[in-house]
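Please treat every number below as a calculation from the coordinates, not as lab data. Values in this document were obtained by computation on a predicted structure and should not be read as measured data. Cβ placement follows ideal geometry from the backbone for every residue including glycine, while neighbour counts extend to all protein chains displayed.
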């Protein structure tokens, strides 16, 4: 588990969102983690769903956002999100994906989640996080 806290910029609220990042590709995980830290978020990283569930149990009700790859070995992103929502029912979710949004079935967990198509810029990531946290994704 990789966690790192950074000092918030002046004028930043005391509570910085805690993001659980789940990505099986190490290079992508490191890159996205770096982007998130640069934006002042607290980041908890997992390389797979099993590790993510362990982290979530240790941070129950303290997660502000799940960012997960849609496709991972074992449990995929949507399956993980469903499991985490048992622990924390209102947990916002942002999926990193190559899927087209027309493939998403209305009325499912996926219809409530935010989606960010890979590859993406740090600015696109930050904007999508704000949308998801504000409930406008």
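At-a-glance table
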{"item": "Per-selection Kirkwood Rh - the stretch 16-134 (Cα, Å, 1 d.p.)", "result": "14.1"}
{"item": "Relative exposure of 121, 97, 18, judged by other C-beta atoms within 10 Å (fewest first)", "result": "121, 18, 97"}
{"item": "Ascending count of other beta-carbon atoms within 10 Å, so fewest first, for 120, 95", "result": "120, 95"}
{"item": "Theoretical gain in end-to-end length, residue 59 to residue 124 [0.36 nm per residue, Cα-Cα removed]", "result": "20.7 nm"}
{"item": "Residue 117 paired with residue 34, simple spin-label distance in nm, labels 7 Å along Cα-to-beta-carbon", "result": "2.5"}
